[in-house]
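What follows is one structure encoded as structure tokens, with my remarks underneath.
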Amino acid sequence: MGARIEHLGVAVPSLDEGLRLYRDLLGFEVEYREEVPSESVRVVGLKAGGTTIELLEPTAAESSIARHLERRGPGLHHLAVEVERLAELLPKLKAQGVQLLDETPRPGAGGTQVAFIHPRGALGVLVELVERPTPPTPRTGPDQ
């Protein structure tokens, strides 16, 4: 499998505010809504051609999204890349000197397993590695 952008994560202070721009003004269609308690975030996925834009709203002041908004304001938070066999890939990346935030996969939205590459290990970009479940776990509907 070749590399594929799974989604672009955009930090927003309010999903309603994000939806006003991306859905109402730009015309992206809501694909799913989900809360990820382990990450203290609410997510709305918007269809964007062959990929997804995920709007990320913090649900707790100590979440990484809340810290991002406090330091940098709203905007691009991360680039997510779909991978296979994430648990096997992480030690290979580490052995090549890539700085990881996660050395083992953790649960992500939609039943995925995820791990992050530190921006220092990815030329200044926070990269999320995403392994989809087999078979895919249905996401929550749009509930617009």
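The values are calculated or read from the model by the stated rules, or taken from the named source; none is laboratory data. Predicted model, so just to flag it, every value in this text is computed and none were measured. No Cβ is skipped: glycine too gets one built from the backbone with ideal geometry, and neighbour counts run over all protein chains shown.
Scanning region 115-130 for residues that are touching a Leu at 6+ places or on another chain (Cβ under 7 Å), in contact (Cβ under 8 Å) with a residue 12 or more places away in the chain and outside any strand (DSSP E or B) yields His118, Gly121, Val125. Scan region 66-114 residue by residue and report those that are of a type in the set (Asp, Glu) and either more than 23 Å from Val43 (Cβ to Cβ) or touching a residue at least 12 places away in the same chain (Cβ under 8 Å) (or both). The answer is Glu82, Glu84, Glu88, Asp102, Glu103. The residues of region 76-114 that are in a helix (DSSP H, G or I) and touching a Leu at 6+ places or on another chain (Cβ under 9 Å), listed by number, are Leu86, Leu89, Leu90, Leu93, Lys94. Counting the residues of region 65-75 that are surrounded by fewer than 18 Cβ atoms within 10 Å (Cβ to Cβ) and assigned to a helix (DSSP H, G or I) gives 4. Taken together, the residues in region 22-57 that are in contact (Cβ under 8 Å) with a residue 60 or more places away in the chain, among the hydroxyl-bearing types (Ser, Thr, Tyr) and buried (at least 18 other Cβ atoms within 10 Å of the Cβ) amount to 1. For Gly9, the stated conditions hold: it is under 25 Å from Phe116 (Cα atoms) and either of a type outside the set (Asp, Glu) or buried (at least 20 other Cβ atoms within 10 Å of the Cβ) (or both). Working only within region 19-43, note down all residues that are within 17 Å of Ala80 (Cβ to Cβ) and small (Gly, Ala, Ser). Listed by number, the list holds a single entry, Ser38.
For region 12-32, the criterion of being of a type in the set (D, E, K, R), in a strand (DSSP E or B) and farther than 19 Å from Arg132 by Cα is satisfied by at least one residue.
Residues of region 41-61 that are in a loop (DSSP other than H, G, I, E, B) and at pLDDT 95 or above: Thr59, Ala60, Ala61.
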